Amino acid sequence: MIVVTAPTGQIGSQLLAHLLATQTPVRVIVRNASKLSAEVRTRVEIVEGSHADAATVERAFDGARALFWLVPADPKAASVAQAYVDFSRPAAAAIEASSITHVVEITALGRGTAQAKDAGYVTGSLAMDDLIAATGVHQRALAMPSFMDNILMQLRALREKGAFFLPIPGDLELPSCSTGDIAAVAARWLLDETWVGQQEVPVLGPENISFNQMARIMSEVLGRDIAYRQIPSDAYKAQFLGFGFSEAMAEGMTAMARAKGEGLDLGVTRTPEKTTPTHFHQWCEAVLKPAFLA
């Protein structure tokens, strides 16, 4: 039995498709089961509730072998540590008392870099890794750069302004990966019962790419001019405050972007094992263009 958290999100929903294709028994933790498709509801065990709740995770982990752990950080949390570490404390305690032997989790690149000490969401995510590792469970921490799919959060700006906006230099080439590839990597580790120990697994996409290069590719695929515009950090933070983020979480997003602009995601050497297949052009054709035209 594999337990999947955040099963209705971009990564979790695609992960479910991989796992269910193998006929593997799956149990999901979900706040509202109606958000799962009718087909998925007939094929998985469902535990309704939050995976920050002790009773919920204790019930979900009972008799299970493996866990997929993903924390959707609460934008209104009082601190980044609360959003990641405190959220995960009930699960860490439940892991120690349960049959769970293997955990595959979503985390961030940056461990061991100077930038990671003040990188907002990244710093919180790495502290969450440490909490789970301290349980002694076999662990694979899938360390992520920025997701290609984050561009979807700027669909309105792409349509109305022909541009997307971040505080990171436009010519800085950084790794970027698709959520589809992340789900495939997670499924591979979850379905393999032979690995042991604790290890970080960088998931770097196929190449480093700059936001200016992304803009040129989007222009080609969408058939209209798209530009990248670098904005000041304070303007970036103000956007999140406008979305209803707490001061701490808006600052956490800003600190993460600042650290990425200073090279946070460049601390890992690319190897074939750390490379995933989906190029940004492919992602634009398969994901961005249909969403843009919808």
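The values are calculated or read from the model by the stated rules, or taken from the named source; none is laboratory data. Everything numeric in this text was worked out from a predicted model, so none of it was measured. Because the Cβ atoms are built from the backbone with ideal geometry, glycine has one as well, and the counts that use them run over all protein chains shown. Heads up: the accessible areas ignore ligands, DNA and RNA and are worked out on the full protein's heavy atoms, side chains in. Shrake-Rupley method; radii C 1.70, N 1.55, O 1.52, S 1.80 Å.
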* To do: Take segment 105-118 and flag every residue that is under 19 Å from Q199 (Cβ atoms) and surrounded by fewer than 16 Cβ atoms within 10 Å (Cβ to Cβ).
  => G112
* What is the number of the single condition among (1) at positive phi; (2) out of contact with any Asp or Glu (no Cβ under 8 Å at 6 or more places or on another chain); (3) modelled with pLDDT under 95 that G110 does not meet? -> (2)
* May I ask you to list the residues in segment 57-104 that are open to solvent by 10 Å² or more (accessible area, probe 1.4 Å) and among the hydroxyl-bearing types (S, T, Y)? => S79, Y84, S98, S99, T101
* Asked: So which residues in segment 1-40 are among the charged types (D, E, K, R), under 21 Å from G180 (Cα atoms) and open to solvent by 40 Å² or more (accessible area, probe 1.4 Å), if there are any at all?
  -> K35, E39
* **Qualifying positions in segment 145-169 - under 16 Å from F292 (Cα atoms), in contact with a helix residue (DSSP H, G or I) (Cβ under 7 Å, 6 or more places away or on another chain) and among the hydrophobic types (A, V, I, L, M, F, W, C)** => M148, I151, L152, L155, L158, A163, F164
* Answer with yes or no whether Q230 is more than 20 Å from the chain's Cα centre (by Cα) and under 30 Å from E273 (Cα atoms). => no
* **Residue list for segment 252-294, filter: of a type in the set (A, V, I, L, M) and assigned to a helix (DSSP H, G or I)** => M253, A255, M256, A257, A259, L264, L266, A286, V287, L288, A291, L293
